[in-house]
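Just below is one structure, and these are the notes that go with it.
The values are calculated or read from the model by the stated rules, or taken from the named source; none is laboratory data. The model shown is predicted, which means the values in this text are computed figures rather than measured ones. Positions of Cβ are generated from backbone atoms using ideal geometry, with glycine treated the same way; all protein chains shown enter the neighbour counts. Surface accessibility is based on the protein's heavy atoms, side chains included, excluding ligands, DNA and RNA. Shrake-Rupley method; radii C 1.70, N 1.55, O 1.52, S 1.80 Å.
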Amino acid sequence: MKTYLNDIIPSLARHSERLDDITMLINKRWVLFDEVENQKTVYFFKKNYDLIISINGNVERGNWELIDNDYLSIKTIEGEFMFKKDFNDDNLFALKKDNVNEYAIFVNETVFDQKNLKTIDSLNVFLEKENESRTLNIEINDKLSFDNLKYQLEINLEGDQYHFEYMPFNQFVGLPLTMGQLGSGTSAQPFKTVKNYENWLKRVNAMSVWADTAIGNFRKGMAAGIILPKTLVTKMIPQMQGMVVSDPKKSLFYGPIELMPKDFSSADKTRLAKEYETAIMTVIVPTYKKLGDFLQNEYLPKATSNSGLGTMTGGDKMYAYQVKVNTTTNKTPEEIYQTGLNEVARIRKAMDSIKNAVAFKGDLKAFFEYMKEDKKFMPYKEPKEVTSAFEAIHKTMLPNLKKMFLHEPKTPFEVRQTEAFRAASASAEYNPGSLEAKRPGIFYVPILDAKKFNTTSGMESLFLHEAIPGHHYQI
């Protein structure tokens, strides 16, 4: 019974009603399912928290109490027991004994008698039918949400066997880069109240533990043959080293202090500045130095000269899994590759027609080089000019956006230059905003040298996909 309930109760739980709505529980006759032959135990939960228990007509009295909405304390002559709610509705509720893998199943007496629920098999059949009927009866939006959640959970569970945690971050994504973004004071982490500033320090103080865990996972990967290639590791090292400073005020993480709201008291300003300087020099700098030293001295010598998952132990299966995740199909890598080749051929044909339409003399390779290197396609001098060009694309499309979309995001939108510490390895990206936190959606553009930023790099298509409507309209 225990194994079966471990399977079916979590499945039912997504339909559960709130236990704190005690009208569901009180003044009803609930039969405790216990499989004791020729015995029927009925619980009657009174509104005043008295409990009446009838065992074949013999009455006992006790008490019950609802705790924190999800826990139920039941006190009888046998003792006091604490249960955690796993599922409840008008027909049944399942309680799991606190810290023990044991269930108490209560069934509405009317249902208990109608269904003749006297054996474990009869209860199993009833629970299965309850689960099926609830799945069929949920609204279409909930069904879609459930199906998506189920898919995400199943695909993530499938991925656990490949130990991607042995590569906890890289040059493009990972907590060391995210912390730099958040800690700058201009990203998603709010720095509007004293509490915001104090909360960020708690995050910072936990980073050292995370770094130790990351290094431990990297080492597990080294032992298992799951190691990043040298070409990536050599880009990660300077990212870590760039966070090591001797003066806390020179740190990226000092940004929130420089942007501190004017309405903070003098005492809070002084205290927070001191606490941030301490955190930078005692947690942030040592943590990034530790990561950089590990990558430089221990990990890089073991990193592979080849690139791609295929060179790792079990890499072919890891790659097939990533194809499945990123295409949401069951096609093989070879099938996806052939699809890609067909698309490349189609696009090259379209490119060739454009080359001919503008009367360019030369082959397609020469045409690409011309668009990439000719100075007339590099009109910018400062990063601000590049971000302004993207803003101009936005303004141009605004009239048509209103025609095509009935609803627009209420969150503000900004175009920003990618932070210098990660720009060399970054690509353009969108970070979602928050209306409640008054945080804008941000389209980040890496600009290493504005004078070399090329207008033929696909600015419009990039903005349409990555920013607006793109990810900003995914609400």
Hey, which lysines would be in cross-link range of LYS376, C-alpha to C-alpha under 29 Å, not counting anything within fewer than 8 residues on its own chain? LYS349, LYS355, LYS361, LYS365, LYS384, LYS395, LYS451, LYS452
Which FRET efficiency value, to the nearest 0.05, do you get for LEU398 and GLU335 by plugging their Cβ-Cβ distance into 1/(1 + (r/R0)^6) with R0 = 25 Å? 0.05
With a ≥ b ≥ c the root eigenvalues of the C-alpha gyration tensor of the range 275-328, is it rounded (a/c under 1.5), prolate (a/b larger than b/c) or oblate? oblate
How far is it, in nm, from the label point at ARG416 to the one at ASP263 when both lie 7 Å from their Cα along the line to the Cβ? 2.2 nm
Step through the residues of the range 380-392 one at a time and calculate ³J(HN,Hα) from phi using the Karplus curve (6.51 cos²θ - 1.76 cosθ + 1.60, θ = phi - 60°), rounding each to whole Hz and writing x for Gly and Pro. 8, 10, 10, x, 4, 5, 5, 5, 5, 5, 5, 5, 5
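With a probe of 1.4 Å, find how much accessible area the range 140-182 has per residue, and write the answer as a whole number in Å². Write down the numbers at each step before the final one.
On the way: 2560 Å² over 43 residues.
Ligands and nucleic acids excluded, the result is 60 Å² per residue.
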Distance in nm between VAL59 and SER145 label points, each 7 Å along Cα→Cβ, equals 4.4 nm
The percentage of the accessible area of the range 263-318 (probe 1.4 Å, all protein chains present) made up of carbon and sulfur atoms, to the nearest whole number, is 52 percent
In nm, spacing of pseudo-spin labels at ILE52 and LEU201 (7 Å Cα→C-beta vector): 5.8 nm
Distance from a point 7 Å along Cα→Cβ of THR213 to each backbone N in the range 150-191: keep the residues under 15 Å and list them by number. 164-169, 174-176, 179
Taking loop as defined by DSSP and a crowding limit of 15 other beta carbons within 10 Å, which chymotrypsin sites (Phe, Trp or Tyr not before Pro) in the range 341-379 fit? PHE360
Taking a ≥ b ≥ c as the square roots of the Cα gyration tensor eigenvalues, with a/c under 1.5 meaning rounded and otherwise prolate when a/b beats b/c or oblate if not, the range 356-436 comes out oblate
Express the C-alpha Rg of the range 143-213 as a ratio against the empirical globular expectation 2.2 N^0.38 Å, rounded to two decimals. 1.49
Calculate what fraction, in whole %, of the accessible area of the range 334-471 sits on carbon and sulfur atoms when a 1.4 Å probe is rolled over the protein chains. 58 percent
Accessible area per residue of the range 257-343 at 1.4 Å probe, in Å²? 60 Å²
Computed over the range 368-469, protein heavy atoms only, probe 1.4 angstrom, the accessible area per residue in square angstrom equals 61 Å²
Run the paramagnetic zone check for THR178: 7 angstrom along Cα to Cβ, then residues of the range 208-232 with backbone nitrogen under 19 Å. 208-218
So who's got an amide H within less than 5 Å of the one on LEU92, skipping anything under 5 residues away but keeping other chains? H placed 1.01 Å off N, in plane. ASN108
From the Cα gyration tensor of the range 318-475, with a ≥ b ≥ c the square roots of its eigenvalues, which class applies: rounded if a/c is under 1.5, or else prolate if a/b is larger than b/c, or else oblate? oblate
Quick one: check the C-alpha center-to-center distance for the range 447-475 versus the range 191-261, whole angstrom. 28 Å
